[in-house]
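This report concerns only the one structure given below.
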Amino acid sequence: MITIKNIAARALLAGATAIIYSNPAWALLPIQHWTEPSGAKVYLVESPVIPMVDVQIDFDAGSRRDPAGQSGLASAVAAMAGKGVKAAGAAEPALDENALGEAWADLGASFEAAADNDALHYALRSLTDAPLLDRAARLAARQIAEPMTTDEVWQRDRARWGASLKEANTRPATVANHAFAAAVYGSHPYGVRTTEATLARVGVADMQAFHAQHIAACRAKVSIVGAVSRAQAQALVATLLSRLPASTGCAPLPPVGEINALTAPAEQNIPFASAQAHVLIGQPGFQRRDPDFVALLVGNHILGGGGFVSRLTHEVREKRGLSYSVYSYFASGLHAGAFTVGLQTRPDQAREAVQVSRDVIARFVADGPTEAELRAAKDNLMGGFALRIDSNKKLLSNVANMAWNDLPLDYLDQWTKKVDALTVADVRAAMARKLQPERMVTVVVGGKQP
């Protein structure tokens, strides 16, 4: 008798064999891309080593689409996808949250939904045994298209969410992040935060309307990695999107404005009774599809993204002992996500830590890296590339990123070549094009006040 446990055991054995006999380069397989009759755009990597499949379905329904005064709506829609599904005739009774969890456990599969700034994501993981995968896809289709959003459940979850927000606002890191986002992004949706007041304006009807406007087959970008052929992938996508309203075309969603560049430096010193001062320094950065992305990735690795080998760590921690940890990163998305430098320090050292960090940024933008720093960064990033794609889930994340940002299909194949080809001049020019140290925002929460 074939059971979930039998199938899972075979998958585990296959996976163990694959680990022994395969090379990490298995992940660099051709990416197939096509558009379904529904309008859904599909990206597939056939990975036959393990009899499993991972699917991510992305919609332009992230928090940047939240209506004014209703921040949190997109995240609420995603959360409600896991709270139950509506009935669809006698053969498919309604399932509440507990019954839904049991159904997924019986299938040995998983399904999740989440929203970030740009997108609302649905993710399915299942064994590729045909009957199991079909049942998993049909259940996922119900959650995508027919979530059971009831006022009773929403009132309960909204109260929990509000309590969590209230608790988070007692922490200095939360206060710093909110102040920093507001200063960097201004009125752009990236800088708007969810509060108890904005959640109070979100109702079941709002979630249903948001879902109806944004979640349509013709708006889907579907990324698939696993042991399925193109024909199987097409059948899987058709099932997953089968319950969404049929349409011959989607009207364009209204455009979201871009983030304004900072015109002057700004500094906020926020009193807070905390043992450590929380410091954030930064500005708007760049879109993920920016052609400078690879040069900026390497440059930031040297500046503050490379851990103990970064310049910021050397100057702030190693030479002066001002902070245990200091870091920098670019949060690029469909819009110019923030460039951020962050650290914690003793309140009486906050001013010095800020000044040292600013000086390091300014010098790096002006002069760029040394040849030795660039070579070390290249070796580290290129040497660690295999770890970015050493599982189906990691590879799926990369493929979905390519799909969402309209990157070329050979992006992964060309990545190490592009990194290796960079010169000191390339990195310096890219950092200078994107960063303006003289116009950055600085937020200090809990530091010694002037």
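Annotations
- Among the residues making up the stretch 60-99, those that are farther than 19 Å from L244 by Cα, of a type in the set (D, E, K, R) and either surrounded by fewer than 19 Cβ atoms within 10 Å (Cβ to Cβ) or free of Cβ contacts under 8 Å to residues at least 60 places away in the same chain (or both) are D96, E97.
- Top-ranked residue of the stretch 193-215 - restricted to ones that are part of a loop (DSSP other than H, G, I, E, B) and buried (at least 21 other Cβ atoms within 10 Å of the Cβ), ranked as farthest from the chain's Cα centre (by Cα): V202
- Test: residue in the stretch 292-315 that is of a type in the set (F, W, Y), surrounded by fewer than 23 Cβ atoms within 10 Å (Cβ to Cβ) and modelled with pLDDT under 95: yes
- Summed over the stretch 175-192, the residues that are buried (at least 21 other Cβ atoms within 10 Å of the Cβ) and in contact with a His (Cβ under 8 Å, 6 or more places away or on another chain) give a count of 2.
- Residue match in the stretch 40-55 (condition: outside any helix (DSSP H, G or I), of a type in the set (D, E, K, R) and surrounded by 23 or more Cβ atoms within 10 Å (Cβ to Cβ)): yes
- Filtered residues of the stretch 329-367 (kept if in a helix (DSSP H, G or I) and polar (S, T, N, Q)): Q349, Q355, S357
- Given (1) closer than 26 Å to D420 by Cα; (2) under 26 Å from the mean Cα position of the chain (by Cα), index of the condition A362 fails: (2)
- Residues satisfying the criterion are absent from the stretch 26-44 (criterion: polar (S, T, N, Q), modelled with pLDDT of 95 or more and farther than 26 Å from Q234 by Cα).
- For the stretch 257-278, filtering for residues that are farther than 10 Å from R439 by Cα and β-branched (V, I, T) leaves 2.
The values are calculated or read from the model by the stated rules, or taken from the named source; none is laboratory data. The shown structure was predicted, so the numbers you read here are calculated from the model rather than taken from an experiment. Counting neighbours? That spans all protein chains shown, and the Cβs are built from the backbone with ideal geometry, glycine included.
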